[in-house]
Amino acid sequence: MKRAFLFLVTLLSTLVADTRPGWCQDTANAQQKGNTLPYHVGLTVSFGAGLSYWKTGLFTEKNQELQISPGGGIGLGLMLNAPLQGNWLLGNEFNYQFTSFTPQAENVEGHFTHLNYLISLKHAFQFKEDPLAIVVGAGLDLSINGKYDFDARKLPDGAHNLYNYKTSLGPSVHVEYLAWFDRNSLGGLIGLRYTYMKYHLDQLSSNGQDVALTEEIKSSLPSKLLTPDGSGIDLYVSLMYSF
């Protein structure tokens, strides 16, 4: 997967570096028409659903079992799209995502959090003579600092366990609707993204004490804690500034 990441970065660098006179002239002419793809930067909010959940074995007073997914959840981020050749775009996004127990409980807390850097190659299908486009793309998601925080200290013999996961890499595909109206003005974007992600446990602590991940400890943990599936589908909205 890391080789795929390097290949994508190399491909995008080649596209950015291409300065053929014919293409530059075409771009300049198109800019005069006012309907070329601009640079745009935006603040993004996402809402998603994980494709895999794990059950905690704990129940609410209404006999509902607490569960959590490392995928989906709520995300906050910053997006930057840069035009390449023709209708191609280089997409970049940094975001922070978190999920929590469903349903919520008063005496137990659980969260899965992680940071993401997403790089993608996008192609825009522009509306004729309108600053609107349908955008499809694919890329890679680098997930950093994945952490599952499980705090059950309010329960008898309960503990506060922290599960830290290795940096992970996974593919993603998406489709977006983009409206930029005019340069040096606000616009918007709404998109739907699927991401495949697999995590691997790196460190474990309980009540502030590190726990060595021996084979005995690993064999006592469920597979969904050792190698959780963080895949998910996210709906995201971005307020963009075009320039």
Helix 2-17 vs. the chain, principal-axis angle (Cα, 0 to 90°, nearest 10): 20
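At 1.4 Å probe size, with the rest of the protein present, what percent of the exposed accessible area of the chain is carbon and sulfur atoms?
Values: 7850 of 13250 Å².
In the chain, the share of accessible area belonging to carbon and sulfur is 59 percent.
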Helix axis angle, 21-33 relative to the chain longest principal axis, alpha carbon, degrees: 90
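Among the listed pairs Lys55/Lys154; Lys55/Lys122; Lys55/Lys198; Lys122/Lys224; Lys122/Lys147, give every one whose C-alpha distance is greater than 28 Å. Spell out each step's value before the answer.
Numbers: Lys55/Lys154 19 Å; Lys55/Lys122 37 Å; Lys55/Lys198 18 Å; Lys122/Lys224 33 Å; Lys122/Lys147 30 Å.
Exceeds cut-off: Lys55/Lys122; Lys122/Lys224; Lys122/Lys147.
Evaluate the relative contact order of the chain (contact order divided by residue number), counting alpha-carbon pairs under 8 angstrom at least 6 apart; express in whole percent. All intermediate terms of the calculation are to be shown ahead of the outcome.
Working: 617 pairs, mean separation 48.1, N = 243.
Once normalised by length, the contact order is 20 percent.
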Read-out Cα Rg over 2.2 N^0.38 Å, derived from the coordinates shown; its label in (1) 1.08; (2) 1.22; (3) 1.50: (2)
Accessible area (Å², 1.4 Å probe, nearest 10) - Ile190: 80
Zone of Tyr196's modelled label, taken as backbone nitrogen in the range 153-178 under 18 Å from a point 7 Å along Cα→Cβ: 168-175
Top of Lys128, Lys198, Lys166 by mean-square fluctuation, Gaussian network on the chain, Cα under 10 Å: Lys128
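Tell me, what is the per residue accessible area of the chain in Å², probe radius 1.4 Å?
On the way: 13250 Å² over 243 residues.
Solvent-accessible surface per residue comes out at 55 Å².
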Distance-filtered residues of the range 76-94 - backbone nitrogen under 17 Å, label point 7 angstrom along Ile134 Cα→Cβ: 87-88
Length added when fully stretched, Lys166-Ile233, from 0.36 nm per residue minus Cα-Cα: 22.0 nm
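Using a Förster distance of 45 Å, how high is the FRET efficiency between Thr60 and Ala179, based on the Cβ-Cβ distance and rounded to 0.05? Don't skip to the answer; put the middle values down first.
Details: r = 43 Å, r/R0 = 0.96.
Rounded to the nearest 0.05, the efficiency is 0.55.
The values are calculated or read from the model by the stated rules, or taken from the named source; none is laboratory data. Not measured: the values here are computed from a predicted model. FYI the Cβ positions are ideal-geometry reconstructions off the backbone, even for glycines, and counts take in every protein chain you see. Surface accessibility is based on the protein's heavy atoms, side chains included, excluding ligands, DNA and RNA. Shrake-Rupley method; radii C 1.70, N 1.55, O 1.52, S 1.80 Å.
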